[in-house]
1. Which count do you get for residues in the range 107-137 that are surrounded by fewer than 16 Cβ atoms within 10 Å (Cβ to Cβ), touching a helix residue (DSSP H, G or I) at 6+ places or on another chain (Cβ under 9 Å) and assigned to a helix (DSSP H, G or I)?
2. Please specify each residue of the range 305-342 satisfying the condition of being surrounded by fewer than 18 Cβ atoms within 10 Å (Cβ to Cβ), within 21 Å of ALA387 (Cα to Cα) and among the β-branched types (Val, Ile, Thr).
3. (1) farther than 24 Å from LYS172 by Cβ; (2) touching a Gly at 6+ places or on another chain (Cβ under 8 Å); (3) among the acidic types (Asp, Glu): which one isn't true of GLU331, the others all being true?
4. Could you please find all residues in the range 9-60 being open to solvent by less than 20 Å² (accessible area, probe 1.4 Å), hydroxyl-bearing (Ser, Thr, Tyr) and assigned to a helix (DSSP H, G or I)?
5. Considering ASN314, ASN392, ASN364, which residue is within 24 Å of ILE189 (Cβ to Cβ) and in contact with a Lys or Arg (Cβ under 7 Å, 6 or more places away or on another chain)?
6. Output the residues belonging to the range 134-189 that are under 22 Å from LEU231 (Cα atoms), without any contact (Cβ under 8 Å) to a residue 24 or more places away in the chain and among the charged types (D, E, K, R).
7. Take residues that are within 15 Å of CYS273 (Cβ to Cβ) and not hydroxyl-bearing (Ser, Thr, Tyr) and tell me which of the strands (runs of 3 or more DSSP E) falling wholly in the range 314-398 contain 1 or more.
8. Every residue in the range 229-244 that is over 11 Å from GLY194 (Cα atoms) and modelled with pLDDT of 95 or more, please.
Amino acid sequence: MKGKKIILGVTGSIAAYKAAYLVRALIKKGAEVQVVITPAGKEFVTPLTLATLSCHAVISDFFSSRDGMWNSHVDLGLWADAMLVAPASASTIGKMANGIADNMLVTTYLSCKAPVFIAPAMDLDMYAHPSTQQNLDKLRSYGNYIIEPDTGFLASGLDGKGRMAEPEGIVKILEDFFSTRNHLQKKKILITAGPTYEKIDPVRFIGNYSSGKMGFALAEVCAGRGADVTLVAGPVGLKTKHPSVKRIDVESADEMYDETLRAFPSCDIAILCAAVADYRPERMTAEKIKREQDVALTVSLVHNKDIAATLGKNKRENQTIVGFALETGNEIANAREKLQRKNLDMIVLNSLNDEGAGFGCDTNKVTLIDKYGKETALPLKSKTEIAGDIINCLVSGRL
């Protein structure tokens, strides 16, 4: 964080008092902080407090005096290495998502060339409201980073999700971002995601419940940190958002195998997150199989090609491969065996026995195991946060 220039946007939320702690923490890490506050934000924390801590006059209005001098949101947007809006109220989130530039904070956001981090803070019902969630999805689609709020006691007296993340956690996210950005800049990363469908006939297939959410989260995180990402995606209903993600859609394991092997020689890191079917029907019928009363249907299965093992066999010394293991029993031992057998550098283990983890969830709980045997257990988090942790782990090992 040393020498980084940070715009801190403060909005009208009871959590605005935490902005003082944020400024202090960022300054201690060596950052330069310029606070931009909304008119409502000044009702919760005084500009004098924030100016004293940041050693910069706080910006709130378009014009600083009546003699024609004005605060340039364009210059601010060019100056910053990152913009952090914390706390971000529902109102400001809505304005940012829809380009309503009626205050200095939103105009600065719209002019900002640097990455933008947004830490929502509001009551649980406001946060859960479809309009707020839609606005957050819009902001994500624009390439912004949403720092998920915590669950806990709220100013309303209720208990739920809506508390702004704690300042030390927010600063850690920015630190990790700048650290990994330095190492991922222009790296070529190959990611597989989603299920594969193995056709039985024109209308039936063998597949699994993978949603692709973990792989897509990894693609967005890597692209956001400066990497060029090739995402080979099975049949899922997700959209890619970052312009640095090149998406290749496939359906079967054979198609994923071909596209992955085609992209692998030019990549630095391969993250194999897809739930590839181990078997496919030996024969696909050209027409729909008709049901026959009291006659059992037998489908003969054959092995699909093993993508991870093939890449592990062919990887160069300067390439890194991360695999995934979804287990239902003897998890650690099975994951370690897979790591060694397929010549991986790290494996991400998750278990269907953990509530909130696995197929279709927006959250995950994983254990990272590297080729040296080190285990890192991560608690239940959003898949975007887990994706960030996986990348942080890779970078910390300078892989």
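1. Summing the residues that are surrounded by fewer than 16 Cβ atoms within 10 Å (Cβ to Cβ), touching a helix residue (DSSP H, G or I) at 6+ places or on another chain (Cβ under 9 Å) and assigned to a helix (DSSP H, G or I) in the range 107-137 gives 5.
2. Hit for the range 305-342 is ILE332, nothing else.
3. Answer for GLU331: the failing condition is (2).
4. Result: SER54, single match.
5. Numbers: ASN314 fails: in contact with a Lys or Arg (Cβ under 7 Å, 6 or more places away or on another chain); ASN392 fails: in contact with a Lys or Arg (Cβ under 7 Å, 6 or more places away or on another chain).
The match here is ASN364.
6. ASP137
7. Working: elements: 320-327, 346-351, 366-370, 375-377.
Fully inside the range 314-398 and qualifying: 320-327, 346-351, 366-370.
8. In the first step, residues of the range 229-244 are kept if they are over 11 Å from GLY194 (Cα atoms); the result is 229-230, 239-244.
If the condition is that a residue be over 11 Å from GLY194 (Cα atoms) and modelled with pLDDT of 95 or more, then VAL229, THR230 are the ones that fit.
The values are calculated or read from the model by the stated rules, or taken from the named source; none is laboratory data. Just so it is clear, the structure is predicted and the values come from calculations on it, not from any experiment. Neighbour counts are summed over all protein chains in view; Cβ atoms, including those assigned to glycine, are modelled from backbone coordinates with ideal geometry. Quick note on the areas: whole protein, heavy atoms, side chains included, nothing else; ligands and nucleic acids left out. Shrake-Rupley method; radii C 1.70, N 1.55, O 1.52, S 1.80 Å.
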